[in-house]
Structures are given as C-alpha cells and as structure tokens.
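Heads up, the thing below is written out as structure tokens.
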Amino acid sequence: MEILGIGMPELIFIVIIALLILGPKDMQKAGKTIGKFLRDVVTSDGWKLFQQTSRDLRTLPNKLMREANEELNQFNKDLQSAASIPDPTRPTPAGSRPQPQPYAATPPAKAVSENRIAPASQDKQESESEPQNNA
C-alpha cells in the first residue's frame with residue numbers, strides 16, 4: 001500500500017522520527033491537525049476537480065484511439081459507397097437515368113479476327129519451296 005508514493009516502511013520511519021521530535025502529547029495534537037487538514041483537502045471541490053482531471057488524462061489515449069477508429073470506419077464506409085459499381089442487371093427506377101455500363105476488358109470479336117497471324121501451314125509451304133527454287 002502506498003500513500004503519495006510513500007510505502008509502509010517509509011511511513012513507519014516518519015512516524016518514529018515524529019514521535020522522537022514531538023513527543024507523545026504533541027504527537028496527538030499534530031495527528032489531529034493533519035487529519036483535519038487531509039479531510040478538508042479530500043472533501044474540497046479542488047480535489048474532486050483534480051481527481052476528475054487525472055482520470056480524464058489516464059483515459060485520454062484510449063478515447064482518442066476509439067474516436068480515430070470510428071472516423072476511419074466512417075471514412076471506409078463512405079469510400080466503399082462511393083466506389084461501389086451498381087448492378088447492371090438490376091432494373092432502374094422509372095424516371096431515372098440508366099447507369100453507364102462498365103468498361104469491357106475484351107475487344108470486340110471483329111477486331112480480333114482482323115489481327116490474326118497467317119496459319120503455320122502457309123509459312124511451311126513457302127519455306128519448302130524456296131530451297132527448290134535456289135537449287
């Protein structure tokens with residue numbers, strides 16, 4: 001048990017020193033005076049304010065982390081709702097504009113057929129005919 005950072009051995013040492021200096025009769029008066037002073041301090045509004053401020057300072061890091069986490073979650077929700085692509089199969093309500101279709105990653109079939117390379121069989125026939133012409 002510690003009181004104001006003073007443990008039990010230190011407290012006993014202080015009491016023994018006070019008893020030697022003040023004596024038994026003055027020790028009672030000093031104890032009574034110190035007790036009244038401490039009671040007045042503990043029941044004062046300043047002490048209650050000090051306790052509340054101390055409690056707030058101890059919980060401040062947790063409170064700040066909780067608020068930051070809530071803001072981050074709200075930001076993520078806003079970001080997801082802004083980035084969500086509507087389902088094109090879902091019918092649009094009457095009077096609203098149709099949603100644009102997402103970009104197709106594959107080119108149309110016509111463009112693919114125009115860019116094809118000639119079959120390997122034609123290349124093979126041409127390469128076989130060249131040596132015969134040279135001979």
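The values are calculated or read from the model by the stated rules, or taken from the named source; none is laboratory data. Computed from a predicted structure; not experimentally measured. Here the Cβ is made from the backbone with ideal geometry for all residues, glycine too, and neighbour counts use every protein chain on show.
Conditions (1) aliphatic (A, V, I, L, M); (2) modelled with pLDDT of 90 or more, marked per residue:
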position	(1), (2)
Phe37	no, yes
Asp40	no, yes
Asn69	no, yes
Ala83	yes, no
Thr106	no, no
Ile117	yes, no
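Sub-8 Å Cβ pairs linking a first residue in the stretch 17-42 that is assigned by TED's automatic domain parsing to the domain that holds Leu4 to a second residue that is of a type in the set (Lys, Arg) and surrounded by 10 or more Cβ atoms within 10 Å (Cβ to Cβ), at least 6 apart or interchain, number zero.
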